[in-house]
Structures are given as C-alpha cells and as structure tokens.
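Nothing in this text is a laboratory measurement; each read-out follows from the coordinates by a stated rule. All values derive from a computational prediction rather than experimental measurement. Ideal geometry is used to build each Cβ from the backbone, glycine not excepted, and the neighbour counts take in all protein chains shown.
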Amino acid sequence: MLNKIIISVCYGLGIMVLVLLTSNWFFLRAMSYETLISIALHEIQREDLRTTLISKYFPVSKFLVLQKLSFLITILSGVALILCIWYKAHIMRVLTKISTKFHGHFKFWIEELTSSSKKSSIILLCLLCIIFVRSVLISDIFALQYDEVWNYNYFLSKNVLYSFVAYNNYPLHNIITSVLLKFLPINAFTIRLSVILFGQFTCVLVFIIVKKMFREDWLALCGVVIFSCLPVSVYYMLYARGVMVNMFFLVCIYYSVTRLVEKRLTFFQVLGISSLNALATYSILSHIYFIVFSSIAMVLYLVLHKKYALLLQVFCYSFLSILLSGILISPFLLGTGIGFGLDASIANTSYLALHDLPFHCYSEFYGGWWYTFYILFLLNIILLFVASAKKYQFLIIINLVFMASIFLIKWLTHIFPPERALTYLVLVPFSTIILLCNILRTKKIITISLAVCFSVASFYQAYTGSFMNWSKVLDKRVKQLSDVLMKNNIESVYNYSPTFYYFVPGLVYYYSLNHKRFNYYTSIKESTRYKPISEVDKVDCIVVSGTTLPYPAIFKEGEDIVYSLSK
C-alpha cells in the first residue's frame, strides 16, 4: 500500500514539474526583465547587488536567450506531458519495477546491517551515540562561522525555490536544511542538524560497506571509528555545508564502482550509480572531479587486467553521471550561472598556504598531518606488490589516482582547488588503513589498538588544529558584538575598516533572529555595499581601524574600534 502511494506521489510530482516547465514560456513572456530583477533582489533584500547582477550574472542578453529557449522547453515539456498522461499505465509499471528494485537493494543493505552479531550491533550503536553526542557538544562550543551565517542569510532564510535557480555551493544541503527550519526553531543546532544526521548515516553506511567488502564485523567497526575521527569528518559533522551530504553518496558510490570493474551490470544498475553521482554533485558541485578521476582509475585497472569488454560500461557510467549532474544544475546555468562559484574557487586557493606546499594542506585536512599523504602514497605502492592485497588492487589504484589528481588538476587548470572541493580524498586514508588492518588481521588486538590510537590522535589533531580553530574566537566575538549593538539600539553601521567584513553576515543573522533591522554601509569601494557617508540617511555607529574618535567606544577587536553615535 505504501509502495503504491510513493509511486503515485512520484508520478504526480513528475506531472507537476512538466506542467511548470510547459507554462514557463507564458510566465517569461508576461514578465519584464526589470520586474524579474526586482523580484530577485527583493527576495534576498540586497538592492545594492542590482548593478552586479545586471552586469555580470544575469544581463538582459541572458534574459532574452532564456525567453527564446523557454519556447522550446515549453513545446518539449508539453509533448512529454501529453505522453506521460497517455501512457500513464506503462509509466506506473516502470516506476513499480524501479521501486521494487530500490526496495530490494534497501532491504539487502538492512539485512547486511542486521546480520551482524549482537555484540557488534551494540558496539555500533554505542559508537553512533558517542559520535552524535560529540557533534552536538562541539556544535555548542563553536559559534556559527562566516560561511554558515552567509549561507543562511542568502539561502536558508529565503524561499526554498531560490536554492534551485541561484548559484550556491551546496544546493541539496540547503534544500534539506530549509525544510528543517520550517518545522524547528532557528538556531545553530538546527542549521547544523542535517550535517550531524548525515554524519550518522554515513557512519552506518561505512559499517555496511566495509563489512560487505571484507566480511568482518570488527573491521567494519574499525572503519566507523577511523572515518568518524578523520579531520575532514570531524570538521564537516560540525559546520553546516554540503560536504557531509556529499560524503554519504561518495561512500555508496565508492562501493558501487568496485562492482563496475568486476562484472557486467545492467543498464539500470549503471543508471542508478550515475544517479548517485548526480545527487553527490548536487551536494557539492566539485564532485565532478570524482566522476572524472574515478573513471580514469577504472580505465587503468581494466586495461591493466585486459578486461576490455567492461570499458564501454565505464564510459556509460561517466557519460550518464555528467549528463544527470548537468540536468540537476541546469537551473543554475539558466539562472545566475556558475561564474560566481568558479571565481570564488580560484580566489580561495590563497587559503591553501598553511604550508609551503599545497599538497601538505590537503594531507593535513584529510589525513591529520602534513606528511600523511607521503606515507599513504608509499604504503599504496607497497600494497601493489603484496600478494594478500591483490584482490583489492582496484582500491589501491584508485587511491594512487586520487592522490595524483591534486597535481593533475593543477597542471590542467593552473589552480589548487579549496580543500573541501576534493572530498573524495577522504577515501585515501580511510581505505588504506582498512586494507592494512585486513592484511594484519592475524594480530587482531594489535590491529584494533593501532586503529583506535590513530583515530584518537587524528581526532585530537582535528579538534586542536587550525582548520577547526582559526575563527573560533572571532565567531564568538561576532555574537558578542551583535549583543552590544542591539543593547545600544543601533540599527545602522558605517564601516571604514577593511578587516571588519567578517562581522557583517553574522550581524545580519543575529539581528534577523531578534526581528530587528540592520543597515550596513562601507567606504570600501570594492564592496557592493559601498556608499559615501554623506549619502547615508542615518548612522548610529562608526567602525574604524586604529583611529581615536571623540565618541564612546563600545567594542574593540584587534585594530577595529566601534564607536557609538547614538549616545
């Protein structure tokens, strides 16, 4: 009964989407360019972005192209709508078949989980509780970061449809979190709840997949401990970004690609794996790197083992993954485009300079220490020649390809992407350590002890390292400043300091929680909020850097001093 309801809902949603697509031409014909721009700016309450939006992200030429394209979309969608209604019975049968397949796979994974011994199940449950409590406690210690409040101000606090058409780094995360915020109180915990939950789901998935691949409960439990304590996992089980959502799909796809190189799959199975890649891309757009480099690793493995018959299957996987990903992000392309994200990714490469070599930065972020990847590279080379690891040769090859991808990307694009962009690198330390534990299984106690020691050291490194703590104090200071400003009934701030920008998204967020109005202007001409102070109607306080003014100073952070004019 429930299965029929779900199928009917899916069919109904499909019809609804086609109806909306069919009517889009009439909507755009009735809507003027200026009206559309005004609606968008009113939604985000940033009239100061009008010039940038018109000149760079959505010029009138793009609107005219969209109007022309909408006619073709309306015709195709209309035809598809008629066919869907005409062949409803056939479509319902196909959906039933897909649903049955999905239910079978889901049941298979659940059985794999429940087939564990009672002792293993209790240990897993305890581990999940510890990880959940750890995430909640850390969330309480660390105030919301710049990116989190910025994302809330522009997307989570707006209509959920805005996340579909305006470029954002983590659309699926934003959609899920927006829904949660409709039913739960708006606070740091709720904003971070989706990544905390997906952290739990990913740990369960790690347990199932390691157990499936190595047939050992204890090794699967080690996998959960190791994965949950890697710096990138600790970091993104805290901060509200789409990386942990991406990791959930990434772990699932990782197991699936091992099947792609071992046997011939049906078209629908390849389509299913490709669909997971599309959802992973919709979680974080840089997942396209994983699609490319996992395909390269598979081709290398198949050629080395002369399994040429499976090459077509890999090409199909690559093509469908990119095609379906493109379909999901097409609203971005037709809306604001992805230029903003590309510009930001290039600009943010400067943040990689924690060490002299950018490779060290990725190594510390994903492995705990700057030298981890050097050790992992050497270990994977050694494992290539270990007889007991021969059956896992594909895992070793894909690890080597992933580590080499850092330099290949630099060579091809002339940039080092931000650390979070290469999420798949988390699989390198995780899978290498699991492989070593499997090889040393004859000394189980020693192996488990080493895995636990590594995990404790890795967590300590993550919790005390620069990635977690670089803005910890500053984030709390943002909250303190918002309290001071609201206590002094300040609504309008004028800023002269080039370093004060970090406070602005947080102030907007905390003011909005208290249903208070906040106006911000700056003398920094590069900012979209630039406005000469002579043109500002009302200024309640001024922010300057290292300058003494004849007004009461109500807050100081570094060289920045906030002076109140309302007293």
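Observations on the structure shown:
- Under 13 Å from Lys516, Cα to Cα: aspartates and glutamates that are on another chain or at least 8 residues apart: Asp483, Glu491
- The label-point distance for Ile122 and Met486, in a model that sets each label 7 Å from Cα toward Cβ, rounds to 4.7 nm.
- Between Val452 and His105, the FRET efficiency estimated from the beta carbon spacing at R0 = 30 angstrom works out to 0.40.
- The chain shape via C-alpha gyration tensor axes, a/c threshold 1.5: oblate
- Cα gyration tensor, region 372-474 - rounded (a/c under 1.5), prolate or oblate: oblate
- Sequence-distant contacts, meaning Cα pairs under 8 Å at least 6 residues apart, place the relative contact order of region 417-512 at 20 percent.
- Here the contact order of region 154-287, divided by its residue count and restricted to Cα pairs under 8 Å and six or more residues apart, works out to 29 percent.
- Subtracting the Cα-Cα distance of Arg93 and Asp147 from their residue separation scaled by 0.36 nm leaves 15.0 nm.
- Its relative contact order, with pairs defined as Cα atoms under 8 Å and 6+ residues apart, puts the chain at 14 percent.
- Remark: for residue pairs Lys476/Lys538; Lys158/Lys556; Lys62/Lys538; Lys531/Lys556; Lys56/Lys531; Lys68/Lys410, the C-alpha separation exceeds 30 Å in Lys158/Lys556; Lys62/Lys538; Lys68/Lys410.
- Placing R0 at 41 angstrom, the Cβ-Cβ distance between Thr499 and Thr35 gives a FRET efficiency of 0.60 after rounding to 0.05.
- Three-way shape label, region 1-140, alpha-carbon gyration tensor, a/c 1.5: oblate
- Cα long-axis angle, helix 88-114 against the chain (0 to 90 degrees, to the nearest 10): 80
- Centroid-to-centroid separation of region 503-530 and region 1-80 [C-alpha atoms, Å]: 30
- Sites Asp537 and Leu312, calculated FRET efficiency, Cβ-Cβ separation with R0 56 Å, nearest 0.05: 0.25
- A straight chain from Leu565 to Trp369 at 0.36 nm per residue would run longer than the Cα-Cα distance by 65.7 nm.
- The label-point distance for Leu137 and Trp470, in a model that sets each label 7 Å from Cα toward Cβ, rounds to 2.6 nm.
- Residues of type lysines that Lys211 reaches as a straight line, Cα spacing below 21 Å, ignoring anything fewer than 8 places off in the same chain: Lys107, Lys118, Lys119, Lys263, Lys390, Lys391, Lys443, Lys444
- Peptides 514-522, 142-150 ranked from most to least packed give 142-150, 514-522, packing being the mean of other C-beta atoms within 10 angstrom over each peptide's residues.
- Each peptide in 556-564, 165-173, 449-457 was scored by the mean count of other Cβ atoms within 10 Å over its residues; highest first, the order is 165-173, 556-564, 449-457.
- Protection proxy ranking for 401-408, 304-311, using the average of other Cβ atoms within 10 Å per residue and placing the highest first: 401-408, 304-311.
- Backbone N under 16 Å from the Thr51 label point (7 Å along Cα→Cβ), restricted to region 498-530: 521-530
- Counting only DSSP beta bridges with both residues in the chain, the antiparallel share comes to about 55 percent.
- At full extension, Val79 and Ile6 could sit 23.8 nm farther apart than now, given 0.36 nm per residue minus the alpha carbon distance.
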